[in-house]
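Please read the structure below before turning to the comments.
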Amino acid sequence: MLRSTILATILLLPLPARAGCLIALDIGHYAEAPGEISARGVPELVYNIALTERVKAALDRAEIAAVVINAHGDIAELAQRPRRAQAAGASLLVSLHHDSVQDGYKSTWEWKGAYRAYSDVFSGFGLFVSGRNPAVAESLKVAEDLGDGLTAAGLSPSLHHAEAIPGENRPLLDVGRGIYRFDDLAVLRQAAMPAVLVEAGIIVNRADEEVITSEPYRAVFAAAIAQAAAGHCRRLESKAAIQ
Ligand SMILES: [Zn+2]
């Protein structure tokens with residue numbers, strides 16, 4: 001009885017961060033409010049879970065310590081996400097999402113007997129950092145490495161969040177790598193560690209949805225995030241060596 005209590009206590013302890021480096025992968029949205037709805041009627045949360053699992057597997061293979069935040073898709077309060085990342089000892093937070101566009105760009109089509117909103121106008125990924133995050137320089141460095149990995153694999157960013165229309169107007173920090181500044185994104189702003197929010201692709205785009213949800217596309221993201229995470233870990237190690 002006592003032994004099982006001790007064992008249960010040990011299992012509940014946060015994962016130890018190896019060499020100070022631990023990547024928290026946050027699954028965007030939750031069951032009651034599952035985010036954007038794809039051109040084929042699939043909630044964003046479903047795709048965020050699948051991508052996060054793929055990224056986690058890549059980090060495991062690269063022997064980079066990682067923990068998944070919101071693994072059960074039940075965290076409603078945004079502030080809980082960075083808080084749990086901090087409790088786990090995370091040195092970097094990456095929040096994984098799939099993107100949409102403003103309603104004015106949407107039309108309707110019929111898919112499997114149901115009318116669905118879609119927009120084929122924009123295509124590509126987006127990366128977000130907050131100027132109010134306490135580690136904005138490292139957040140930006142991770143986003144740059146990630147953007148390099150994605151563009152080297154042949155992907156392109158979508159710049160539609162920079163358009164001067166209501167709901168967008170996000171300052172572009174890096175056009176080539178699709179990095180936006182979005183100071184008030186709660187998950188990034190409230191994180192005590194560097195943090196990047198990833199929009200993996202626009203799931204209201206009918207052709208893109210098929211590509212974005214394919215294994216090769218997820219593999220590109222997994223590899224790019226693993227590479228950017230490895231860079232983050234190396235910087236942490238060299239900083240620790242100097243101190
Ligand atoms: Zn989202």
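Go through the residues of region 166-175 one by one and say whether even a single one is within 16 Å of the chain's Cα centre (by Cα), in a loop (DSSP other than H, G, I, E, B) and polar (S, T, N, Q).
Checking region 166-175: not a single residue is within 16 Å of the chain's Cα centre (by Cα), in a loop (DSSP other than H, G, I, E, B) and polar (S, T, N, Q).
Restricting the search to region 176-206, which residues are among the β-branched types (Val, Ile, Thr) and either within 16 Å of the chain's Cα centre (by Cα) or closer than 29 Å to Ala90 by Cβ (or both)?
Within region 176-206, Ile179, Val187, Val196, Val198, Ile202, Ile203 meet the criteria.
Which condition number does Val136 fail, the rest of (1) of a type outside the set (D, E, K, R); (2) open to solvent by 50 Å² or more (accessible area, probe 1.4 Å); (3) under 18 Å from the mean Cα position of the chain (by Cα); (4) within 21 Å of Val46 (Cα to Cα) being met?
Tallying (1) of a type outside the set (D, E, K, R); (2) open to solvent by 50 Å² or more (accessible area, probe 1.4 Å); (3) under 18 Å from the mean Cα position of the chain (by Cα); (4) within 21 Å of Val46 (Cα to Cα), Val136 fails exactly one: (4).
Which of the residues that make up region 145-169 are open to solvent by 50 Å² or more (accessible area, probe 1.4 Å), hydrophobic (A, V, I, L, M, F, W, C) and over 28 Å from Pro216 (Cβ atoms)?
Listed by number, the list holds a single entry, Ala164.
Within region 221-243, count every residue that is under 19 Å from the mean Cα position of the chain (by Cα) and open to solvent by 40 Å² or more (accessible area, probe 1.4 Å).
2
Quick one: which residue in Ala76, Ala33, Ala71 is within 12 Å of the ligand (Cβ to nearest atom), of a type outside the set (Asp, Glu), surrounded by fewer than 16 Cβ atoms within 10 Å (Cβ to Cβ) and closer than 19 Å to Val187 by Cβ?
After applying the criteria, what remains is Ala33.
Within region 169-180, is there a residue that is under 24 Å from Ala85 (Cα atoms), at pLDDT 95 or above and either within 16 Å of the ligand (Cβ to nearest atom) or not aromatic (Phe, Trp, Tyr) (or both)? Show your work before the answer.
Just the residues of region 169-180 that are under 24 Å from Ala85 (Cα atoms), to begin with: 179-180.
Now drop any that are not at pLDDT 95 or above, which leaves 179-180.
Checking which are either within 16 Å of the ligand (Cβ to nearest atom) or not aromatic (Phe, Trp, Tyr) (or both) leaves us with 179-180.
Scanning region 169-180 turns up at least one residue that is under 24 Å from Ala85 (Cα atoms), at pLDDT 95 or above and either within 16 Å of the ligand (Cβ to nearest atom) or not aromatic (Phe, Trp, Tyr) (or both).
If only one of Val198, Val94, Val101, Val142 is closer than 22 Å to Glu237 by Cβ, within 16 Å of the ligand (Cβ to nearest atom) and surrounded by 20 or more Cβ atoms within 10 Å (Cβ to Cβ), which one is it?
Val94
Restricted to region 36-51, and to residues that are charged (D, E, K, R) and not in a helix (DSSP H, G or I), which residue is farthest from the ligand (Cβ to nearest atom)? Steps first, answer last, please.
Within region 36-51, the first condition is being charged (D, E, K, R), and the residues that meet it are 36, 40, 44.
Next, from what is left, pick out any that are not in a helix (DSSP H, G or I): 36, 40.
Details: Glu36: 6, Arg40: 17 Å.
My answer is Arg40.
Taking Leu172, is it without any contact (Cβ under 8 Å) to a residue 60 or more places away in the chain, touching a His at 6+ places or on another chain (Cβ under 9 Å) and open to solvent by 30 Å² or more (accessible area, probe 1.4 Å)?
Judged against the criteria, Leu172 is a match.
Under the condition of being open to solvent by 50 Å² or more (accessible area, probe 1.4 Å) and of a type in the set (D, E, K, R), which residue from region 36-53 is nearest to the chain's Cα centre (by Cα)?
Residue satisfying both the conditions and the ranking: Glu53.
Assess whether Ile179 counts as being free of Cβ contacts under 8 Å to residues at least 60 places away in the same chain, open to solvent by less than 10 Å² (accessible area, probe 1.4 Å) and closer than 26 Å to Lys56 by Cβ.
So Ile179 passes the test.
The values are calculated or read from the model by the stated rules, or taken from the named source; none is laboratory data. Here the structure is a predicted model, which means the values were calculated and not measured. Heads up, the Cβs are rebuilt from the backbone with ideal geometry, glycines too, and the neighbour counts pull from every protein chain shown. Accessible surface areas use protein heavy atoms only, side chains included; no ligands, DNA or RNA. Shrake-Rupley method; radii C 1.70, N 1.55, O 1.52, S 1.80 Å.
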